[in-house]
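Trainee: Have a look at this one.
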């Protein structure tokens, strides 16, 4: 007894020809991997990897090193700056950094690229007033970003020496609880 009750119709000669042509095309034309590494020196490859870790955009890497976009995107996936950050930035810290960047007049697009967040989140976080203690104790944003992705060891990449980390942890915990509903509501509105 057969469970399948649908009749299978035979293919017409035109359909068989189309299937044969498609299978032949798929068999002969395989997607080629990016071959850019063959024409690059080892120093250039190292520089591209560093640029990816430092968070430069794929378009900027393409323009600087004359490589294909596919290669730049592949390298950005492999050398994702988030993997290489020594300490992940918390939302209250990002609020302080966004305030610092806004004071320097950076556009939201650039701020989002540097912090690894989208423009909507940048706009939402820029409306939040940062905690005064964090503003006083955090290093400037350019030093923080350089420290997080630096090849050398940095003892505290985000805060100045003498910062009370117990107090910082309490502020960050309270800040997360305060910011979580704000971000969720902004995502629903979008």
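Trainee: Looking at region 119-149, which of the residues that are within 17 Å of the chain's Cα centre (by Cα) and surrounded by fewer than 15 Cβ atoms within 10 Å (Cβ to Cβ) is farthest from residue 53 (Cα to Cα)?
Mentor: 119
Trainee: Hey, among 95, 168, which residue is touching a strand residue (DSSP E or B) at 6+ places or on another chain (Cβ under 7 Å) and either free of Cβ contacts under 8 Å to residues at least 24 places away in the same chain or not assigned by TED's automatic domain parsing to the domain that holds residue 58 (or both)?
Mentor: Just one listed residue meets the conditions, 168.
The values are calculated or read from the model by the stated rules, or taken from the named source; none is laboratory data. All figures in this text were calculated on a predicted structure; none of them were measured in a lab. Heads up, the Cβs are rebuilt from the backbone with ideal geometry, glycines too, and the neighbour counts pull from every protein chain shown.
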